[in-house]
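Below: one structure, written as structure tokens.
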Amino acid sequence: MLLARSPRDDQAVEFDRLSNIYDGLVGVSSVPVLQEGIRLVSLLALRNSRILDLSCGPGMEIPALAALVPGGEVVGVDLSAGMVVTAHERARREGVFNAAFVQADALNLPANFEGRFDLIFCCNSFHHYPDPLAALKEMRRVLSEDGKAIIIDPRLSQFFLATEPISKWGDPGFVGFYSPEEFHRLFLSANYDSFYWNEMLPWVGVSIGTK
Ligand SMILES: C[S@@+](CC[C@H](N)C(=O)[O-])C[C@H]1O[C@@H](n2cnc3c(N)ncnc32)[C@H](O)[C@@H]1O
């Protein structure tokens, strides 16, 4: 489902331009992160879980996520129409039929998503959200009771602080990375019941908040 007009045109348009070439451009470097993320989801998902893949981009991970929940569903959401179309085409090409795709802003998800998801998978994207607390509150709103939000993103480090100008230049819509302590504070402020953080891969952290 696409919107008549993108909610944040400047950023979405940059990602629209990337949608067809993303796999070759940055997708290759995302593979180990996505693989680890999928492994983590496989430990938490049930056969009938409903997973929200928030900021799914071109949907490289959708077939694997959908295979984990044959009796459930994966909903891929992205701000960029181009990404949503690319992810949808990939899923159909790969014979995935328990996945749906919606263009939406992570900070303003559809009203009828409320309470509908057992897991949120948000990989390599949280650093794009202009208001991280609002995004976490919105994620909590769409989680079911005891649902979990999984955020995988580079952790703030001296290295990333030093290279931030390059990130801002090379990564459309880059806002910022967060330390484990900042994530903890944000999840608590967004009213999650519990919070867990771990370094999943070198430089890459996983935050898990339970509603
Ligand atoms: C680096 S890509 C990551 C894609 C995918 N999750 C992966 O790991 O391969 C970041 C994605 O975040 C999306 N995005 C940025 N801001 C967003 C927002 N406010 N709401 C929803 N998606 C957003 C972009 O359109 C882009 O597809």
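Within the range 156-174, one or more residues are of a type in the set (Asp, Glu) and modelled with pLDDT under 95.
Take residue 77 and tell me if it is in contact with a Ser or Thr (Cβ under 6 Å, 6 or more places away or on another chain) and modelled with pLDDT of 95 or more. Here the answer is no, as residue 77 does not meet what is asked.
The residues of the range 36-59 that are free of Cβ contacts under 8 Å to residues at least 60 places away in the same chain and either within 11 Å of the chain's Cα centre (by Cα) or within 18 Å of residue 106 (Cβ to Cβ) (or both), listed by number, are 56, 58, 59. Going by what's in this entry, would residue 149 be described as surrounded by 22 or more Cβ atoms within 10 Å (Cβ to Cβ) and more than 11 Å from the ligand (Cβ to nearest atom)? Spelling it out, residue 149 is indeed surrounded by 22 or more Cβ atoms within 10 Å (Cβ to Cβ) and more than 11 Å from the ligand (Cβ to nearest atom).
With the condition kept exactly as written, say whether any residue in the range 15-26 is under 20 Å from residue 206 (Cα atoms), surrounded by 15 or more Cβ atoms within 10 Å (Cβ to Cβ), among the β-branched types (Val, Ile, Thr) and at pLDDT 65 or above. Checked against the condition, which is being under 20 Å from residue 206 (Cα atoms), surrounded by 15 or more Cβ atoms within 10 Å (Cβ to Cβ), among the β-branched types (Val, Ile, Thr) and at pLDDT 65 or above, the range 15-26 yields no hits at all.
Conditions (1) surrounded by 22 or more Cβ atoms within 10 Å (Cβ to Cβ); (2) in contact (Cβ under 8 Å) with a residue 60 or more places away in the chain; (3) more than 9 Å from the ligand (Cβ to nearest atom), marked per residue:
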{"site": "97", "(1), (2), (3)": "no, no, yes"}
{"site": "101", "(1), (2), (3)": "yes, yes, yes"}
{"site": "111", "(1), (2), (3)": "no, no, yes"}
{"site": "117", "(1), (2), (3)": "yes, yes, yes"}
{"site": "124", "(1), (2), (3)": "no, yes, no"}
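When the criteria are applied in full, residue 145 fails the requirement of being free of Cβ contacts under 8 Å to residues at least 40 places away in the same chain and of a type in the set (Asp, Glu). Within the range 72-89, residues that are near the ligand (Cβ under 8 Å from one of its atoms) and of a type in the set (D, E, K, R) have Cβ atoms under 9 Å from residues that are part of a helix (DSSP H, G or I) and at pLDDT 95 or above in these pairs: 78/84; 78/87, counting only partners at least 6 apart in sequence or on another chain.
Kindly provide the set of residues from the range 171-199 that are part of a helix (DSSP H, G or I) and closer than 13 Å to residue 135 by Cβ, ordered by number. Correct list: 183, 186, 187, 189.
The values are calculated or read from the model by the stated rules, or taken from the named source; none is laboratory data. Keep in mind the model is a prediction, meaning the values are calculated, not measured. Because the Cβ atoms are built from the backbone with ideal geometry, glycine has one as well, and the counts that use them run over all protein chains shown.
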